[in-house]
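Novice: Take this structure first; my questions come after.
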Amino acid sequence: MSVDVLVIAEAVAGEVPDVTYELLGKGRELSDGFSGELALVLAGEPSPQNLFGAADVLYSMSGMEAGYCAPQWEMSLGEVIRSAHPKVVLVSTGTVGIDLAGALATQFDGVLASYVIDAVMEGGSLVVTSQLYGGKLLSEVEIDSFPAVLSVVPGSFASDVGRVVGEPRREVIDVGGSLSSAKGIAIELREPDSSGVDITAAPLLVSVGRGIGSKENVELVAELAEAMKAPLSASRPVIDQGWLPKPHQVGKSGKKVKPTVYLAFGISGAPEHLEGMRSADVIIACNTDAKAPIFEVAHYGTTLDLFDLVPELTDQVGG
Amino acid sequence: MRIVVAMRQLADLVEELEVNDEGTDIDREFVKFVSNEWDEAALEEALTLKDELGATVTVVALDEPDVDQTLYAALAKGADRVVKLTGNDPDTWVRSRERAQRLASFLAGESFDLLLTGVQAADDLDGQLAGILGSLLEVPHAAVVVGVEGSDSKVRVIQEMGGGLLGVSELDLPAVLGIQAAKQTPRYAPISRIRQAMQTGEISEHEVELSDASAQVKVRRLYPPESTGAGATMLKGSPKEVAAEIIEIIKSKGLV
Amino acid sequence: MPVGGNKQAAGVTELAEAIVTSPLSGREWDVSGGSSRMLHSRVLTDYSASGFAKIAALEGGNSLEYCFGCGKCVPVCPVDLVSEYGPRKIHRAVQTGLDLFKSDELWKCTTCGNCLRVCPKEVNMIEVMPAVREVAMVEGTIPDELQQIMEKTFRYGNALGENPRRRPAWTKGAGVDVRVLASDPSPVDVLFYVEDYWSFHPRGQQAAQAFARIMTSLNVDFAILGAEEKTLGDSQRLAGEKGLFEALMEEVIDVLAKYQFNRIVTPDPHGFNALKKVYPKYGHTFEALHYSQLLAPLLEQIDFQGSLEATVTFHDPCYLGRHNGEYEAPRKIIEAIPGVKLLEMGRCRENSYCCGGGGGGMWLDGFNANHLSERLSERRVREAAATGADILAVACPYEVSRFEDAAKSTGNEGLRVMDIAEMVDIAMRGEDWRS
Ligand SMILES: Cc1cc2nc3c(=O)[nH]c(=O)nc-3n(C[C@H](O)[C@H](O)[C@H](O)COP(=O)(O)OP(=O)(O)OC[C@H]3O[C@@H](n4cnc5c(N)ncnc54)[C@H](O)[C@@H]3O)c2cc1C
Ligand code: SF4
Ligand code: SF4
């Protein structure tokens, strides 16, 4: 049987991200549609070893340098694609996908759809839905010529479907030899600098407003933020009171943020605050006042008391 | 160092976008076009490199609505030369593969060390420019770049790898970079300077003829997502239940 | 005489040999060398006057060095109350080496004009500051916050970065028909120039709606430009973006040329200032009125259905009062509302305290936070609360949002902030202001 769908695991720092399992789940469905095999390609040794059961084949590229270098990855993945020649390549719109989807599609003269949120088989074709214009419009495209590369928005598919215990057939592809001709070298992977908060870069923000009442109480929300590994941000009054430093301020006179998820606790939603966060993908607001304007922009809301909800969230995330 | 910055116009997302009669593109007639915000970051990075190392900065863009304004603003900010590529229909959607081909055709006759462009644009259905262009030109490329340090024969790039992790690598020149963020917020060009550029600056035009079209996906339809209705979906239940629901929502976005 | 950076030390000479003879006793002193310096006129050598040269070379920049240090301006400067400021202090700082072009001090002045009112030398910060800021902008030292506003204004024609097509959206909630000239271009008496904050800010929109209802009940023939309106950009000008102001003006003039109207009425004292004082310098003259000036003479015709039982204090907008001399119209309106009792604050009329929003201050909240012990709006709200008034009445679209926020942050939630149009509207319709 031939490999029909190839999933690229973006395990740059060794750890396989959640989205890879999403792609494996979707990839399984598509490869069954083609009645072919599903393969996963990974840099180095798989870890964990046994959760790639959704795939039939596992290519591990050996001889890769530690760290990440786009030209090296492009070259190595190119080799894998040449030997597997899949119909469909799945990658996410993370850095690896943004770096390489276009380059690989160009190299193999295939088509490419980006910002994909759904893909289904219709007869022999793939019907793919993408998010354009920041999610304001969706596009539906039909793909009937292959190879095709799909660059998928993380969170589009369920990851538990793809997280299957089992060990696919292993093929080790040694890319080390040819890498010397790559026009770049990896230097290092740098851990994030935790000293300077950058609330503009985080995909998840836990934000707190005057409803928190006092500096001591901010601690409560800080614990939640820590449990969620998200930075803490705030409305201006919290900053004014000196409960948090200025770089945490969201809004007109603070930072403009655009996280995937923005959690707002005890923030009323004044226009000056909304200006800084209304373009977040998902806004979840907790405010005891059901008429608070924050609910006009929020996607999800609750009128629970934050002092009841926050500890519960911390518990559940931690546990 | 010779730096080329590829910039482009894009429908302004402040607008409510409408779909054309065929349902295959936005209705371009009444929308306002503005320069892609990531391209502005790319221009800023180029100008910062120019300030630091000395460089010539050439800005190139396809013929798209109000592109002249973007090019004059680039001149006002300190670009040395601005080029408009003609030959495309300014009122249709130039898809990323074709955009890359057009730029590549111009760049073939242009010697450069670095090509900077925005990491993405909101209508990049066919992929992001830097990777496609790098591949067409057969030069190294990297995207989601948040740091660029140049030297004579190599460039050191810092890429955001997700989860706050930064990937540092070194690429041979020439190279193509998709810029996510410049070292500083894009500089301001006072309006008087832009107007001065309009009077004294020059946009050179370069016609591009494309012989073969690149592979690209066929758009069946473009449509607005079902609106969830104004206002928030209210989560009901005990703190325990609501907390569980919230965590589910966050998880579904691939976070936590 | 101070002329363009010439306020310099005369060269110091120390006479190698100098003998001084007392005119009385005839006794002689040898003051050769260093000691002979005291025989010359005293020369300040602790500064270089070069700082003034660059400022004085700018159009409008020459008056800073006129300062002779009398100090009258400092106690009236609103910024000095929460920081160290005022023309005299700036003058001295420049004298001792401050590079105003690169300094954060440049952005603190709100161009409120109170210093100019008292300065015997007519040191004019309303001209000096914008001139220096314009250069700073070219040199790239504009604060990020302000830069974003300029970009939004240029791109969308409003400082809020809102979709220009939504400009007339507020009319939907007015409950009366509001004519938009683009769809009905016949001649009109009053062109209602809504300006940014009444068009887009939720609290401003409520005031715009109230004003539209009042005009309708007074049978004023009025219309708006709707989506064709762009901000007049006076605060952008004073924040240093003269080029933007001029670009906007050209577009505004083109739009205005399409329609026939007798006068322009605007709620925004900044826009009013532009039309009244700045446009004529470019050869564009219109009859411009602040909305309080339109309403004041018509009040007798209003059939108030109820009364507004409240004590009220009024904040004079700098650009209505000090800059354009209008103190009476808004007071007449407030006093004509049945039930209202007007209480003045200590600082009012000519000496009114600035809300902090002028001259770009509206858009520098975060930037200035590091430099001021308190926001000007907060200080002003505390003054208002100290009068014991129920309502702080305002007549400038910047202020409802600024003062409501300040009332909360100073713990004066009990003080209601209302536009005078909202107050008239409530009493006219016989509603309860507390609800
Ligand atoms: C020029 C200017 C610039 C400004 N810039 C900014 C800016 O950059 N950023 C910014 O945020 N603001 C800014 N503001 C201030 C803005 O106008 C608001 O005052 C501010 O955003 C309000 O903050 P908040 O929502 O935390 O407080 P509030 O408006 O007081 O809201 C607190 C909310 O908490 C809720 N609450 C209380 N207790 C609980 C509880 N136990 N559980 C759940 N909910 C509870 C209340 O119902 C209320 O809605 C600016 C204002 C001006 C005038
Ligand atoms: S104009 Fe107002 S803020 Fe500026 S210096 Fe004078 S008194 Fe102070
Ligand atoms: S009032 Fe005028 S002359 Fe007197 S100190 Fe102030 S600026 Fe100088």
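Here is a yes/no grid of residues against (1) in contact with a strand residue (DSSP E or B) (Cβ under 8 Å, 6 or more places away or on another chain); (2) surrounded by 18 or more Cβ atoms within 10 Å (Cβ to Cβ):
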{"site": "B:120", "(1), (2)": "yes, yes"}
{"site": "B:129", "(1), (2)": "yes, yes"}
{"site": "B:135", "(1), (2)": "yes, yes"}
{"site": "B:142", "(1), (2)": "yes, yes"}
{"site": "B:149", "(1), (2)": "yes, no"}
{"site": "B:156", "(1), (2)": "yes, no"}
{"site": "B:162", "(1), (2)": "no, yes"}
{"site": "B:175", "(1), (2)": "yes, yes"}
{"site": "B:180", "(1), (2)": "yes, yes"}
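Conditions tested, residue by residue: (1) near ligand 2 (Cβ under 10 Å from one of its atoms); (2) in a loop (DSSP other than H, G, I, E, B); (3) within 19 Å of the chain's Cα centre (by Cα); (4) more than 14 Å from chain B (Cβ to nearest Cβ).
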position	(1), (2), (3), (4)
C:54	no, no, no, yes
C:68	no, yes, no, yes
C:74	yes, no, yes, yes
C:97	no, yes, no, yes
C:111	yes, yes, yes, yes
C:116	yes, no, yes, yes
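Novice: If you go through segment B:1-41 one residue at a time, how many are over 28 Å from residue B:76 (Cα atoms), within 12 Å of another protein chain (Cβ to nearest Cβ) and outside any strand (DSSP E or B)?
Specialist: Number of matching residues: 8.
Novice: Run down A:272, A:226 and say which single residue is among the acidic types (Asp, Glu) and either in a strand (DSSP E or B) or out of contact with any Lys or Arg (no Cβ under 8 Å at 6 or more places or on another chain) (or both).
Specialist: A:226
Novice: Taking segment C:239-261, which residues are in a loop (DSSP other than H, G, I, E, B) and more than 30 Å from residue C:58 (Cα to Cα)? Full working, then the answer.
Specialist: To start, the set of residues in segment C:239-261 that are in a loop (DSSP other than H, G, I, E, B) comprises C:239-241, C:257-260.
Within segment C:239-261, C:257, C:258, C:259, C:260 qualify.
Novice: Restrict the check to segment C:246-262 and report whether at least one residue is in contact with a His (Cβ under 8 Å, 6 or more places away or on another chain) and either closer than 28 Å to residue C:282 by Cβ or outside the structural domain of residue C:282 (by TED's automatic domain parsing) (or both).
Specialist: Checking segment C:246-262: at least one residue is in contact with a His (Cβ under 8 Å, 6 or more places away or on another chain) and either closer than 28 Å to residue C:282 by Cβ or outside the structural domain of residue C:282 (by TED's automatic domain parsing) (or both).
Novice: Within segment B:14-62, can you find the residues that are touching a residue at least 24 places away in the same chain (Cβ under 8 Å), under 19 Å from residue C:151 (Cβ atoms) and either among the β-branched types (Val, Ile, Thr) or surrounded by fewer than 16 Cβ atoms within 10 Å (Cβ to Cβ) (or both)?
Specialist: Correct list: B:34, B:37, B:48, B:59.
Residues are listed down the side, and each one gets a yes or a no for (1) near ligand 3 (Cβ under 9 Å from one of its atoms); (2) over 30 Å from residue B:196 (Cα atoms); (3) at pLDDT 95 or above:
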{"residue": "C:69", "(1), (2), (3)": "yes, yes, no"}
{"residue": "C:81", "(1), (2), (3)": "no, yes, no"}
{"residue": "C:86", "(1), (2), (3)": "yes, yes, yes"}
{"residue": "C:94", "(1), (2), (3)": "no, yes, no"}
{"residue": "C:128", "(1), (2), (3)": "no, no, yes"}
{"residue": "C:143", "(1), (2), (3)": "no, no, no"}
{"residue": "C:152", "(1), (2), (3)": "no, no, no"}
{"residue": "C:155", "(1), (2), (3)": "no, no, no"}
{"residue": "C:159", "(1), (2), (3)": "no, no, yes"}
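Novice: I've got another one for you. May I ask you to say which residue of C:121, C:108, C:102 is basic (Lys, Arg), assigned by TED's automatic domain parsing to the domain that holds residue C:57 and crowded, with 24+ Cβ neighbours inside 10 Å?
Specialist: C:108
Novice: Sticking with this structure for a sec: With the checklist (1) farther than 20 Å from residue A:255 by Cβ; (2) part of a helix (DSSP H, G or I) in hand, flag the one item residue C:388 doesn't pass.
Specialist: Residue C:388 satisfies all of (1) farther than 20 Å from residue A:255 by Cβ; (2) part of a helix (DSSP H, G or I) except (2).
Novice: What's the number of the only condition in (1) surrounded by fewer than 19 Cβ atoms within 10 Å (Cβ to Cβ); (2) more than 22 Å from residue B:187 (Cβ to Cβ) that residue C:113 fails to meet?
Specialist: Of (1) surrounded by fewer than 19 Cβ atoms within 10 Å (Cβ to Cβ); (2) more than 22 Å from residue B:187 (Cβ to Cβ), only one is false for residue C:113: (1).
To keep it simple, each residue is scored yes or no on (1) farther than 30 Å from residue C:76 by Cα; (2) of a type in the set (D, E, K, R); (3) at pLDDT 95 or above.
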residue	(1), (2), (3)
C:262	yes, no, yes
C:267	no, no, yes
C:270	no, no, yes
C:281	no, yes, yes
C:289	no, no, yes
C:294	yes, no, yes
C:300	yes, yes, no
C:315	no, no, yes
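Novice: Has segment A:68-77 got at least one residue that is assigned to a loop (DSSP other than H, G, I, E, B) and away from chain B (no Cβ under 14 Å)?
Specialist: The first filter runs over segment A:68-77 and keeps only residues assigned to a loop (DSSP other than H, G, I, E, B), leaving A:68-69.
Then keep just the ones that are away from chain B (no Cβ under 14 Å); that gives none.
So far as segment A:68-77 goes, no, none of its residues is assigned to a loop (DSSP other than H, G, I, E, B) and away from chain B (no Cβ under 14 Å).
Novice: Anything in segment B:194-229 that is more than 24 Å from the chain's Cα centre (by Cα) and within 13 Å of chain C (Cβ to nearest Cβ)? List them, or say none.
Specialist: The answer is B:195, B:196, B:199.
Novice: Being closer than 21 Å to residue C:246 by Cβ, assigned to a helix (DSSP H, G or I) and aliphatic (A, V, I, L, M) is the filter here; which residues of segment C:118-171 pass it?
Specialist: Of everything in segment C:118-171, those that are closer than 21 Å to residue C:246 by Cβ, assigned to a helix (DSSP H, G or I) and aliphatic (A, V, I, L, M) turn out to be C:126, C:128, C:129, C:131, C:132, C:135, C:136, C:137, C:138, C:146, C:149, C:150.
Novice: Just checking, which of C:356, C:361 is touching a residue at least 40 places away in the same chain (Cβ under 8 Å), surrounded by 17 or more Cβ atoms within 10 Å (Cβ to Cβ) and in a helix (DSSP H, G or I)?
Specialist: Exactly one of C:356, C:361 is touching a residue at least 40 places away in the same chain (Cβ under 8 Å), surrounded by 17 or more Cβ atoms within 10 Å (Cβ to Cβ) and in a helix (DSSP H, G or I), namely C:361.
Novice: From the set of residues in segment C:127-153 that are under 22 Å from residue C:253 (Cβ atoms) and buried (at least 21 other Cβ atoms within 10 Å of the Cβ), which is farthest from the other protein chains (Cβ to nearest Cβ)?
Specialist: We begin by selecting, within segment C:127-153, every residue under 22 Å from residue C:253 (Cβ atoms); these are C:130, C:134, C:150, C:152-153.
Filter once more, keeping what is buried (at least 21 other Cβ atoms within 10 Å of the Cβ): C:130, C:134, C:150, C:153.
Working: C:130: 12, C:134: 7, C:150: 7, C:153: 9 Å.
Filtering segment C:127-153 for residues that are under 22 Å from residue C:253 (Cβ atoms) and buried (at least 21 other Cβ atoms within 10 Å of the Cβ), the one farthest from the other protein chains (Cβ to nearest Cβ) comes out as C:130.
Novice: So which residues in segment A:32-56 are in contact (Cβ under 8 Å) with a residue 40 or more places away in the chain, over 21 Å from residue A:78 (Cβ atoms) and not aliphatic (A, V, I, L, M)?
Specialist: Answer for segment A:32-56, where residues must be in contact (Cβ under 8 Å) with a residue 40 or more places away in the chain, over 21 Å from residue A:78 (Cβ atoms) and not aliphatic (A, V, I, L, M): A:33, A:34, A:49, A:50, A:52, A:53, A:56.
Novice: Restricting the first residue to segment C:213-235 and requiring it to be on the phi < 0 side of the Ramachandran plot and polar (S, T, N, Q), which pairs with a second residue that is at pLDDT 95 or above and part of a loop (DSSP other than H, G, I, E, B) meet a Cβ separation below 6 Å and a spacing of at least six or different chains?
Specialist: Close Cβ pairs satisfying both conditions: C:216/C:176; C:231/C:158.
Novice: Next question. Given the options C:124, C:62, name the one that is within 24 Å of the chain's Cα centre (by Cα) and near ligand 3 (Cβ under 10 Å from one of its atoms).
Specialist: Values: C:62 fails: near ligand 3 (Cβ under 10 Å from one of its atoms).
One residue alone meets the criteria, C:124.
Novice: Quick one: which of A:123, A:102, A:97, A:134 is under 20 Å from the mean Cα position of the chain (by Cα) and more than 7 Å from every other protein chain (Cβ to nearest Cβ)?
Specialist: None of the others qualify; the one that does is A:97.
Novice: Next question. Among the residues of segment C:227-278, write down those that are acidic (Asp, Glu), away from chain B (no Cβ under 11 Å) and farther than 11 Å from residue C:195 by Cβ. So that I can check it myself, show each step before the final result.
Specialist: Residues of segment C:227-278 that are acidic (Asp, Glu), as a first pass: C:228-229, C:234, C:241, C:246, C:250-251, C:254, C:268.
Those left that are additionally away from chain B (no Cβ under 11 Å): C:228-229, C:234, C:251, C:254, C:268.
C:228, C:251, C:254 - these are the residues of segment C:227-278 that are acidic (Asp, Glu), away from chain B (no Cβ under 11 Å) and farther than 11 Å from residue C:195 by Cβ.
Novice: List the residue pairs whose Cβ atoms are under 6 Å apart, where the first residue sits in segment A:240-252 and is closer than 11 Å to residue C:365 by Cβ and basic (Lys, Arg), the second is within 9 Å of ligand 1 (Cβ to nearest atom) and not in a loop (DSSP other than H, G, I, E, B), and the two are 6 or more positions apart or on different chains.
Specialist: A:252/A:272; A:252/A:275
Novice: If you check residue C:425 against the conditions, is it crowded, with 19+ Cβ neighbours inside 10 Å, more than 12 Å from chain A (Cβ to nearest Cβ), assigned to a helix (DSSP H, G or I) and of a type in the set (Asp, Glu)?
Specialist: Judged against the criteria, residue C:425 is a match.
Novice: Just for strands (runs of 3 or more DSSP E) wholly inside segment B:120-184: which have at least 2 residues that are within 7 Å of another protein chain (Cβ to nearest Cβ), under 22 Å from residue A:135 (Cα atoms) and within 17 Å of the chain's Cα centre (by Cα)?
Specialist: B:141-150
Novice: One residue is enough: does segment A:235-245 have a residue meeting the conditions closer than 29 Å to residue B:158 by Cα, more than 24 Å from the chain's Cα centre (by Cα) and more than 16 Å from ligand 2 (Cβ to nearest atom)?
Specialist: Among the residues of segment A:235-245, at least one is closer than 29 Å to residue B:158 by Cα, more than 24 Å from the chain's Cα centre (by Cα) and more than 16 Å from ligand 2 (Cβ to nearest atom), which makes the answer yes.
The values are calculated or read from the model by the stated rules, or taken from the named source; none is laboratory data. Every value quoted in this text rests on a predicted model; they were computed, and no experiment measured them. Neighbour counts run over all protein chains shown; Cβ positions are idealised from the backbone, glycine included.
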